[in-house]
Amino acid sequence: MCSVMFLTGLLLFMSCAVVDALDNGLALKPTMGWLHWERFMCNVDCDRDPDNCISERLYMQMADVMVKEGWKEAGYEYVCIDDCWPSHQRDAQGRLQADPKRFPGGIKKLADYIHSKGLKLGIYADIGKYTCAGYPGSLGYYETDALAFADWGVDLLKFDGCNMDRALVGEAYVNMSKALNTTGRSILYSCEWPLYEWPLRQPNYTAIRETCNHWRNFQDVYDSWSSIKSILDWTASHQDIIVPAAGPGGWNDPDMLVIGNFGLSHDQQESQMALWAIMAAPLLMSNDLRDICPRSKDLLQNRRIIDISQDSLGKQGYRTAKMNGYEVWEKPLSQNRLAIAVMNRQEIGGPRQFTIRAAPGWKICYPKCSIKQILPQYKDMGIQAPDSNIVVTINPSGTALLTLTPISSSSFERMHKRVWQDISIKDKHNTVL
Ligand code: GLA
């Protein structure tokens with residue numbers, strides 16, 4: 001970890017800044033996919049609601065749409081089952097089994113189908129005696145369940161923390177991590193360790209990062225703006241503790257994207273997308289991809305926002321300023337670039353104008369920088385200097401998202417030279433013609 005004591009202070013700081021991640025080679029970038037919980041919850045009534053109940057059909061249909069409608073191409077890869085998939089009884093060998101009526105083919109067959117589409121399958125289990133919705137938990141069966149998941153070809157496990165002694169939560173998550181590792185199959189491990197430990201004590205994020213590929217810190221997301229705000233507020237108020245833990249291989253998980261459902265205005269959907277990208281959060285949508293409005297779809301598939309989320313530097317952004325009813329969040333990107341999100345938290349009045357130079361990250365614009373606005377719509381804002389007065393217009397509860405690329409004086413001069421060369425080449429052509 002930090003054994004290279006002979007390095008200079010700066011290098012030492014850099015090498016220690018990100019603690020070791022779970023060494024399974026997965027989640028080098030924030031996970032992207034779809035997870036059933038927020039939208040479909042524990043709907044098991046397939047007789048009356050066959051299209052929306054938790055059944056193999058639901059995941060097969062989502063997978064089909066993900067391939068056909070550009071989701072897979074945009075990077076969404078995991079199709080994830082949440083709670084309520086199993087039968088209430090384990091089988092004769094003590095293995096979990098899918099509810100036979102709702103999953104007649106079993107999980108292995110479903111995994112084969114999802115894989116045939118070039119996608120990956122996620123499943124759900126719980127550290128305790130029962131899952132949060134009362135289905136069989138994994139307590140006493142960690143090895144058995146890990147082996148079953150590996151056998152079936154599962155690619156991700158969301159391991160919940162209900163119905164367990166709080167004092168044993170950490171130990172339980174570590175034990176399942178080891179059990180998954182022992183199977184020899186690459187299974188991405190999604191935890192809720194800190195969420196269940198916070199009421200007791202401050203979780204050990206170094207240990208969490210060594211154990212899990214992402215981890216939930218805070219309450220379940222709901223399809224409402226107040227829920228999104230509470231997640232952002234919690235994250236900002238704990239950023240000193242949680243942001244340093246994030247990096248390739250392990251991420252803080254603020255829960256699902258609820259874009260495309262019922263509770264958020266379009267501006268609020270843009271805020272969720274922008275801030276989840278800034279937070280380097282897993283992008284796990286919980287919505288109905290079979291029936292989603294084109295604007296929400298375009299937002300979720302916006303390549304420029306996805307690029308911010310998936311940036312190779314792998315640093316989580318954080319809130320850098322709160323002023324005048326605005327919040328500024330900033331995420332360092334590769335090649336010294338910076339993403340800035342300015343959220344208008346004033347929920348009265350109309351659109352307001354924010355002068356970008358008020359953002360703390362503006363300092364990278366010395367001596368010059370190139371600015372692109374990504375939300376609310378794409379706009380190349382050109383090359384700007386420190387005294388620039390450019391503004392972004394932001395609706396109430398909306399967010400402006402920008403990228404800043406610093407231009408050093410030498411590269412600025414080189415660029416100018418190139419432009420002039422281009423012009424003179426064209427001029428020559430014109431004369432010849
Ligand atoms: C907990 C989790 C949710 C979901 C439900 C399922 O509340 O935090 O994300 O998995 O359990 O019962």
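The values are calculated or read from the model by the stated rules, or taken from the named source; none is laboratory data. None of the values given here were measured: they were computed from a predicted structure. Note: ideal-geometry Cβ built from the backbone for every residue, glycine included; neighbour counts use all protein chains shown. For accessibility, only protein heavy atoms count, side chains too; no ligands or nucleic acids. Shrake-Rupley method; radii C 1.70, N 1.55, O 1.52, S 1.80 Å.
Residue count for segment 178-208 under the criterion of being over 17 Å from Asn252 (Cβ atoms) and in a helix (DSSP H, G or I): the result is 6. Going residue by residue through segment 163-173, is there one that turns out to be part of a loop (DSSP other than H, G, I, E, B) and within 25 Å of the chain's Cα centre (by Cα)? Checking segment 163-173: not a single residue is part of a loop (DSSP other than H, G, I, E, B) and within 25 Å of the chain's Cα centre (by Cα).
Where helices (runs of 4 or more DSSP H) sit wholly within segment 240-312, those with at least 2 residues that are free of Cβ contacts under 8 Å to residues at least 40 places away in the same chain occupy 266-278, 294-300.
Looking at segment 388-410 only, could you name the residues that are modelled with pLDDT of 95 or more, more than 22 Å from Leu232 (Cβ to Cβ) and not in a strand (DSSP E or B)? Ser388, Asn389, Ile390, listed by residue number.
On the given criteria, is Trp234 in a strand (DSSP E or B) and either within 16 Å of the ligand (Cβ to nearest atom) or buried (at least 22 other Cβ atoms within 10 Å of the Cβ) (or both)? No: the conditions fail for Trp234. Can you tell me how many residues within segment 163-187 are open to solvent by 30 Å² or more (accessible area, probe 1.4 Å) and over 15 Å from Ile123 (Cα atoms)? Looking only at that region, the number is 14. Within segment 135-149, the only residue that satisfies the criterion of being among the small types (Gly, Ala, Ser) and open to solvent by 20 Å² or more (accessible area, probe 1.4 Å) is Gly140.
Based on this model, can you work out whether Lys368 counts as without any contact (Cβ under 8 Å) to a residue 12 or more places away in the chain and open to solvent by 10 Å² or more (accessible area, probe 1.4 Å)? So Lys368 fails the test. Among the residues of segment 149-167, those that are more than 11 Å from the ligand (Cβ to nearest atom), touching a strand residue (DSSP E or B) at 6+ places or on another chain (Cβ under 7 Å) and hydrophobic (A, V, I, L, M, F, W, C) comprise Phe149, Val154, Leu156, Leu157.
Looking only at segment 127-144, residues that are away from the ligand (no atom under 16 Å from the Cβ) and either within 22 Å of Pro282 (Cβ to Cβ) or of a type in the set (D, E, K, R) (or both) come to 1 in all. Just one of (1) away from the ligand (no atom under 16 Å from the Cβ); (2) of a type outside the set (D, E, K, R); (3) under 17 Å from the mean Cα position of the chain (by Cα) fails for Ser227. It is (1). All conditions but one from (1) basic (Lys, Arg); (2) open to solvent by 80 Å² or more (accessible area, probe 1.4 Å); (3) more than 30 Å from Met60 (Cα to Cα) apply to Arg352; the one that does not is (2). Taken across segment 210-221, residues that are crowded, with 16+ Cβ neighbours inside 10 Å, under 20 Å from Leu35 (Cα atoms) and either over 23 Å from the mean Cα position of the chain (by Cα) or polar (S, T, N, Q) (or both) do occur, with at least one present.
The set of residues from segment 59-86 being open to solvent by 10 Å² or more (accessible area, probe 1.4 Å) and within 16 Å of the ligand (Cβ to nearest atom) comprises just one member, Tyr78. Please determine, by comparing only the residues of segment 115-134 that are in a strand (DSSP E or B) and hydroxyl-bearing (Ser, Thr, Tyr), which one is surrounded by the fewest Cβ atoms within 10 Å (Cβ to Cβ). So, considering only residues that are in a strand (DSSP E or B) and hydroxyl-bearing (Ser, Thr, Tyr), the one surrounded by the fewest Cβ atoms within 10 Å (Cβ to Cβ) is Tyr130. Scanning segment 24-42 for residues being open to solvent by 40 Å² or more (accessible area, probe 1.4 Å) and within 16 Å of the ligand (Cβ to nearest atom) gives a total of 4. In segment 35-49, the residues that are under 11 Å from Leu284 (Cα atoms) reach residues that are away from the ligand (no atom under 11 Å from the Cβ) and of a type in the set (Asp, Glu) with C-beta atoms within less than 9 angstrom, at least six apart or across chains, in these pairs: Glu38/Asp223. Taking the criterion of being farther than 18 Å from Ala274 by Cβ, of a type in the set (Gly, Ala, Ser) and in contact with a Ser or Thr (Cβ under 7 Å, 6 or more places away or on another chain), the only residue of segment 343-374 that qualifies is Ser370. Residue check: Glu327 meets all listed conditions (1) of a type outside the set (Gly, Ala, Ser); (2) within 26 Å of the chain's Cα centre (by Cα); (3) at pLDDT below 95 but one, namely (3).
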